Each structure stands twice: as structure tokens, then as C-alpha cells.
1. Can you tell me which of (1) in a loop (DSSP other than H, G, I, E, B); (2) of a type outside the set (A, V, I, L, M); (3) modelled with pLDDT of 95 or more is the one Asp36 doesn't meet?
2. Suppose we filter Ser52, Ser23 for residues that are hydroxyl-bearing (Ser, Thr, Tyr) and at pLDDT 95 or above; which single one remains?
3. Sort out which residues of segment 1-19 are of a type outside the set (Asp, Glu), surrounded by 10 or more Cβ atoms within 10 Å (Cβ to Cβ) and part of a helix (DSSP H, G or I), and write them in order of number.
4. Evaluate the following for Asp61: is it modelled with pLDDT under 95 and either in a helix (DSSP H, G or I) or not β-branched (Val, Ile, Thr) (or both)?
5. Could you grab me the full set of residues in segment 34-60 that are exposed (fewer than 10 other Cβ atoms within 10 Å of the Cβ) and of a type in the set (Asp, Glu)?
6. Say whether the condition of being surrounded by 10 or more Cβ atoms within 10 Å (Cβ to Cβ), assigned to a loop (DSSP other than H, G, I, E, B), in contact with a helix residue (DSSP H, G or I) (Cβ under 6 Å, 6 or more places away or on another chain) and among the aromatic types (Phe, Trp, Tyr) is met by at least one residue in segment 23-33.
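The values are calculated or read from the model by the stated rules, or taken from the named source; none is laboratory data. Source: prediction; values computed, not measured. In this analysis, Cβ positions are derived from the backbone assuming ideal geometry, glycine residues included, and neighbour counts consider all displayed protein chains.
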Amino acid sequence: MIISLPDDLKLFIDEQISQRGYSSTSEYVQELIRKDQDRQHLRNLVSAGAESAPTIAVTDDYFGSLRARVRHNRG
């Protein structure tokens, strides 16, 4: 795949590679694409959740039980 970019974007990518420890332009672009995939996946999950019917009330007790589960699973 060949991608043409203006000089200012090429310079930005080169800076990101050197500052953030990427080994190549390809590695940097691959990470950007993966992050975009993750964002889209999360957006789809949030959208599906917003469209679904609520199953339980979200109260202080609910969040307390979630915190307890997280502490237990770290344990």
C-alpha cells in the first residue's frame, strides 16, 4: 500500500517515531489503525448498550458491588 502525505504530516510522523520509540512508519500507522479499531468497537458497544433495555438500577450499591468484584479479582 502506498500512501501520499503532505510534508507537514510526514514530519509529524517522523517526530512521533523518534519521540515515542517506534521502529518504523509502518509500526506507527499500524498502531493508529488498531487504536481506531478499538475506538469503533467501543463506540459500537456503547451504542448497543444505549439501545438496550436496562436490566438493573445503577445505584451506589451497584457501583459498590463492582468495586468489590474488582478488588476480589485483583486479590
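1. For Asp36, the failing item is (1).
2. Ser23
3. Correct list: Leu9, Lys10, Leu11, Phe12, Ile13, Gln16, Ile17.
4. So Asp61 passes the test.
5. Glu51, Asp60
6. No, every residue in segment 23-33 fails to be surrounded by 10 or more Cβ atoms within 10 Å (Cβ to Cβ), assigned to a loop (DSSP other than H, G, I, E, B), in contact with a helix residue (DSSP H, G or I) (Cβ under 6 Å, 6 or more places away or on another chain) and among the aromatic types (Phe, Trp, Tyr).
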